[in-house]
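Report on the structure given below.
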Amino acid sequence: MKSRQAERTGPVRYGFLRRPGRAVLRELAELYRAAGWWDRKDTNARLRALVGGSHCFLTARRGGRLVGMGRAIGDGASDAYIQDVFVRPEWRGRGLGAQLVRRLARRLAADGLGWIGLVAVPGAEAFYERCGFRIAPGHKLMLFRGPRP
């Protein structure tokens, strides 16, 4: 049985951002904070650059409220990575995250990017496999931490 609140909020609306205004930047910053990806030194200018520098940045809204997001970065010609996929905890389990990932992957494929990857946090592998991704056997994520002395 649907709650009255869920009935009032209407369908989820997905949309790609390019140049977010101040109100949208505040909403995005709130989502990045909720995800634990916002640092004290982060600013709205940096967030605006993050959105603008992404190949595409997708949002999910329900009842006018930003409830999820995801983005893709890449070279614009062959390769792309999906990252920063986040859905507010109270909206999880309703298919929003899967829709974000699938819509991003479709957009990337439509833009001619044939290699689409992502980094799954531990425990999220099954979710991404349901979205069409597979673990790359024998490969490991590596992060640059500077040259060794």
Could you tell me whether segment 122-141 includes any residue that is surrounded by 10 or more Cβ atoms within 10 Å (Cβ to Cβ), basic (Lys, Arg) and closer than 18 Å to MET69 by Cβ?
no
How many residues does segment 63-72 hold that are surrounded by 18 or more Cβ atoms within 10 Å (Cβ to Cβ) and at pLDDT below 95?
0
Turns out the strands (runs of 3 or more DSSP E) fully within segment 1-107 with at least 1 residues that are free of Cβ contacts under 8 Å to residues at least 40 places away in the same chain are 65-74, 79-87
Could you list, in sequence order, all residues of segment 108-124 that are part of a helix (DSSP H, G or I) and within 14 Å of GLN83 (Cα to Cα)?
LEU108
Does GLU27 fit the bill of being within 16 Å of the chain's Cα centre (by Cα) and acidic (Asp, Glu)?
yes
Among ARG145, ARG107, the single one that is of a type in the set (Lys, Arg) and at pLDDT 95 or above is ARG107
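The values are calculated or read from the model by the stated rules, or taken from the named source; none is laboratory data. Since this is a predicted model, take the numbers as computed values, not measurements. Glycine also receives a Cβ, built like all others from the backbone with ideal geometry; neighbour counts cover every protein chain displayed.
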